[in-house]
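No value in this document is a laboratory result; all are computed from the given coordinates. Everything numeric in this text was worked out from a predicted model, so none of it was measured. For neighbour counting, all protein chains shown are included, and Cβ atoms are generated from backbone atoms with ideal geometry for every residue, glycine included.
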Amino acid sequence: QVQLVESGGGLVQPGESLRLSCAASGFIARLYAMGWYRQAPGKQRELVATVSQNNRIDYADAVKGRFTISRDNAKDTESLQMNSLKPEDTAVYYCNAERFTTYWGQGTQVTVSS
């Protein structure tokens, strides 16, 4: 059974940090590009960051310099280190794996508020 399970979300104040993790199972994750997307209330889901099978990394302009994506192929995991969080980063964050098909996690809530 294919699964992507996110963890690490929560409520933080502006300027603080969070680290999201995603554990993959049921497929060979190292063969897939992996990424993080987010969806804020009333908005469409948007790309946050991606890391390819050979570790090419891309970020949305809104998170460049603040967020860092990484993957560990030995553990079938990926992570998103989020620093200097802003209220506009508030969203449900989804883990994603893509090759010829796309898998999604169930999402984890990140709320940035004072």
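List of remarks:
- Efficiency of FRET from Cβ geometry, V2 and Q81, R₀ 22 Å, rounded to 0.05: 0.30
- Cα pair distances of the chain binned at 10 Å [whole percent]: 15, 51, 28, 6, 0
- Put simply, the amide H of Q53, placed in the peptide plane, has neighbours under 5 Å in A33, leaving out anything fewer than 5 places away on its chain.
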